[in-house]
Amino acid sequence: MFPQFLAQDADTVARALLGCHIVRLLDDGCAVGCADEHATGRVAGHAAERIVVRIVETEAYDQLDPASHTFHGKSERNRAMFGPAGHAYIYFTYGMHYCLNVTAATEGFGAGALIRAVEPVAGVEIIEQRRGRKGVDCVNGPAKLCKALDIDKSLYGHDLRLPPPSLEQAELRSGERIEVTPRIGISKATERQRRFVIAGNPYLSRR
DNA sequence: GACCAGATATGCT
DNA sequence: GCATATCTGGTCT
């Protein structure tokens with residue numbers, strides 16, 4: 001089910017996104033009829049055609065925050081953040097990396113949540129193949145997970161209710177706890193507690 | 001753990 | 001025109 005909490009402030013959305021799934025359908029030309037196998041992300045005889053990851057780390061950004069891309073107002077680059085909630089704001093940085101944000105709040109207010117790390121649920125082989133490495137290193141960073149999910153500028157402004165990729169609500173596992181910390185990799189407003197993580201999850205980014 | 005190169009879109013002066 | 005960037009991967013210590 002598509003999350004219903006997205007039209008709220010960035011902090012609420014960033015927190016509520018923890019545990020949710022991002023589902024990326026792949027076009028491998030498979031004929032109709034293998035839906036059951038595909039549901040698990042594993043298909044006999046050929047590679048998985050579906051990648052599912054679980055969000056374990058997010059950061060909140062909004063228009064009132066000096067560290068946010070929207071702090072100086074709407075521009076051609078950040079216009080998606082000012083659009084309706086639940087869409088993809090994708091930015092290109094350091095000349096080679098893409099990062100994914102889920103837009104939050106109401107239309108006209110630039111806010112969103114950066115997805116910083118995810119945990120693979122299905123389609124691990126595809127992820128490892130794309131990343132050219134194995135284990136936690138595949139998806140424990142905002143640009144790493146974009147590469148793993150094949151997310152780039154072509155998905156800018158994409159409505160995340162629709163595949164690919166789509167966002168699906170899921171609960172935290174029993175015993176899991178949310179921790180709030182200062183954000184990573186920014187130079188302004190570094191003291192604000194706007195990073196949300198599933199405490200102790202091995203897929204969290206480190207820096 | 002610290003340091004640095006990589007390559008370019010963006011926004012500010 | 002120029003500094004900076006919601007970063008990663010490789011190298012060196």
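If you take the residues of region A:96-154 that are more than 16 Å from DNA strand B (Cβ to nearest atom) and among the polar types (S, T, N, Q), which of them is farthest from A:Leu204 (Cα to Cα)?
Here the answer is A:Thr106.
Just checking, how many residues over region A:158-168 are touching a Cys at 6+ places or on another chain (Cβ under 8 Å) and crowded, with 18+ Cβ neighbours inside 10 Å?
Going through region A:158-168 one residue at a time, the tally reaches 1.
Name the single residue, out of those in region A:103-146 being free of Cβ contacts under 8 Å to residues at least 12 places away in the same chain and of a type in the set (Lys, Arg), that is most open to solvent (accessible area, probe 1.4 Å).
A:Lys134
Please name all residue pairs, on different chains or six or more residues apart, with Cβ atoms under 9 Å, provided the first residue is in region A:60-86 and is near DNA strand C (Cβ under 9 Å from one of its atoms) and among the aromatic types (Phe, Trp, Tyr) and the second residue is open to solvent by 50 Å² or more (accessible area, probe 1.4 Å) and not in a strand (DSSP E or B).
Final answer for the pair search is A:Tyr61/A:His69; A:Tyr61/A:Phe71; A:Phe71/A:Gln63; A:Phe71/A:Leu64; A:Phe71/A:Lys188.
Among the residues in region A:147-157, are any acidic (Asp, Glu), in a strand (DSSP E or B) and surrounded by fewer than 18 Cβ atoms within 10 Å (Cβ to Cβ)?
Taking every residue of region A:147-157 in turn, none turns out to be acidic (Asp, Glu), in a strand (DSSP E or B) and surrounded by fewer than 18 Cβ atoms within 10 Å (Cβ to Cβ).
Residues of region A:114-139 being part of a loop (DSSP other than H, G, I, E, B) and either under 11 Å from the mean Cα position of the chain (by Cα) or closer than 17 Å to A:Thr103 by Cα (or both), which ones?
Residue satisfying the conditions is A:Val139 alone.
The values are calculated or read from the model by the stated rules, or taken from the named source; none is laboratory data. On a predicted model such as this, the values are computed, not experimentally measured, just so you know. So basically every Cβ, Gly included, is an ideal-geometry build from the backbone, and we count neighbours across all protein chains shown. Please note that ligands, DNA and RNA were not included when accessible areas were found on the heavy atoms of the full protein model with its side chains. Shrake-Rupley method; radii C 1.70, N 1.55, O 1.52, S 1.80 Å.
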